[in-house]
1. Restricting the search to region 59-110, which residues are of a type in the set (S, T, Y) and under 14 Å from M122 (Cα atoms)?
2. Under 6 Å between Cβ atoms, at least 6 apart or on separate chains: pull out the pairs that start in region 19-48 with a residue that is within 15 Å of D145 (Cβ to Cβ) and end on any residue that is in a helix (DSSP H, G or I) and polar (S, T, N, Q).
3. Going through L196, L212, L202, L249 one at a time, which residue ends up being modelled with pLDDT under 85 and of a type in the set (A, V, I, L, M)?
4. Quick check: is even one residue across region 185-193 surrounded by fewer than 22 Cβ atoms within 10 Å (Cβ to Cβ), in contact with a strand residue (DSSP E or B) (Cβ under 9 Å, 6 or more places away or on another chain) and among the basic types (K, R)?
5. Grab the helices (runs of 4 or more DSSP H) fully contained in region 61-133, keeping just those with 2 or more residues being surrounded by 13 or more Cβ atoms within 10 Å (Cβ to Cβ) and not aliphatic (A, V, I, L, M).
6. Which ones in region 232-249 are in a helix (DSSP H, G or I) and either touching a residue at least 12 places away in the same chain (Cβ under 8 Å) or in contact with a helix residue (DSSP H, G or I) (Cβ under 6 Å, 6 or more places away or on another chain) (or both)?
7. Can V159 be described as assigned to a helix (DSSP H, G or I), within 23 Å of H60 (Cβ to Cβ), touching a helix residue (DSSP H, G or I) at 6+ places or on another chain (Cβ under 7 Å) and of a type outside the set (D, E, K, R)?
8. For the condition in contact with a Gly (Cβ under 6 Å, 6 or more places away or on another chain), surrounded by fewer than 19 Cβ atoms within 10 Å (Cβ to Cβ) and of a type outside the set (V, I, T), what is the one hit in R146, R181?
Amino acid sequence: MRRSHVLLAIILLIFLFLPAVSFEARNYYLQIVIFTFMSVVIATSYDIVGGHMGYINLGHITFFAVGAYAFGVLFNQDLTLVPALFGATLCAVTFAAVMSYPFFRLRAHYFALASFGLVKLMEHVTINLSWLTGGSNGLKIDGGDRTTPVYYICLATVVLVMLCHWALGRSKLGLAMKAIREDEEVARDFGVPTFLTKAKALVISSLFPGFLGGVYTWYINYIIPDDIFSLERALTPIAMALLGGTGLLVGPVVGAVFLTMTEEVIWTTFEHLHGAMLGLVIILVGLFMPGGLARLGPVERFLGFLGLREEDK
């Protein structure tokens with residue numbers, strides 16, 4: 001554990017001082033790191049429900065989208081950054097709490113299909129509420145170069161979501177979630193409040209993408225339904241968690257970093273083959289590494305050496 005603490009402290013220090021270093025194409029590389037941070041947060045927050053509890057939520061990106069649009073609307077009403085981010089997060093959490101009742105009446109692939117349908121439903125709602133969201137033309141806020149503050153906000157969010165994931169794995173709520181994942185009927189028979197547990201898990205998992213959606217709008221300054229509700233955005237958190245290894249603290253992190261870096265390399269070298277190449281990478285990893293990158297022998301041994309290996313119990 002001392003080795004892992006030292007390593008994590010070194011990594012955190014590097015990221016803390018990275019924006020202060022002057023180098024060529026600084027903003028470009030900081031932007032890559034920012035989007036990597038965002039990927040880690042979304043994948044790790046998805047794993048709270050998908051990994052700990054075993055419910056594949058294909059609509060996880062809707063929390064991010066609700067936060068993004070709520071922030072844009074509030075910010076355009078002359079609210080300052082902090083109240084607008086708080087309002088965006090509250091909207092995402094409330095949305096998750098409301099949707100938990102009808103959606104958790106479903107299980108397995110029925111839940112997955114219904115949650116994916118929610119993505120398309122929210123896209124149409126956003127387009128039709130053009131007086132509020134800008135419709136298909138998108139929502140715009142006053143812009144500016146916010147790279148450095150967004151970088152630090154995203155870094156802090158990464159730390160918080162990983163601490164939350166770690167704490168849940170060792171809490172009574174986390175134990176109840178894992179019991180549901182193994183056998184929901186048996187968990188209910190042994191006194192686990194299954195619906196309340198699932199609702200709590202969904203609300204907690206919505207907190208971070210909802211907040212990050214607001215940060216994303218503040219950084220990008222412009223959002224449109226076709227982008228924020230796209231199929232790629234909906235499937236990316238699941239792909240990242242599966243690539244890294246679900247139910248593990250480092251799994252979504254490894255998957256998010258791997259997929260984000262792979263996408264960047266493909267974009268810069270095989271721009272016209274991006275979709276096909278990315279799909280090929282996911283298929284190959286799924287075929288030859290079904291347990292995820294974090295469960296590969298060499299990776300497991302390396303993580304064990306660093307003190308970061310965690311068993312999925």
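1. Once the filter is applied, which keeps residues that are of a type in the set (S, T, Y) and under 14 Å from M122 (Cα atoms), region 59-110 yields T62, Y69.
2. Every condition considered, the pairs that remain are P19/T148; N27/T147; L30/T147.
3. Within the list L196, L212, L202, L249, the selection yields L249.
4. No: region 185-193 contains no residue that is surrounded by fewer than 22 Cβ atoms within 10 Å (Cβ to Cβ), in contact with a strand residue (DSSP E or B) (Cβ under 9 Å, 6 or more places away or on another chain) and among the basic types (K, R).
5. Output list reads 61-76, 81-103, 108-128.
6. Within region 232-249, R233, A234, L235, T236, P237, I238, A239, M240, A241, L242, L243, G244 meet the criteria.
7. Taking the combined requirement at face value, the residue does not satisfy it.
8. Step by step, each of R146, R181 is checked, and only R181 is in contact with a Gly (Cβ under 6 Å, 6 or more places away or on another chain), surrounded by fewer than 19 Cβ atoms within 10 Å (Cβ to Cβ) and of a type outside the set (V, I, T).
The values are calculated or read from the model by the stated rules, or taken from the named source; none is laboratory data. Because the structure is predicted, anything quoted here is derived from the model rather than measured. Here the Cβ is made from the backbone with ideal geometry for all residues, glycine too, and neighbour counts use every protein chain on show.
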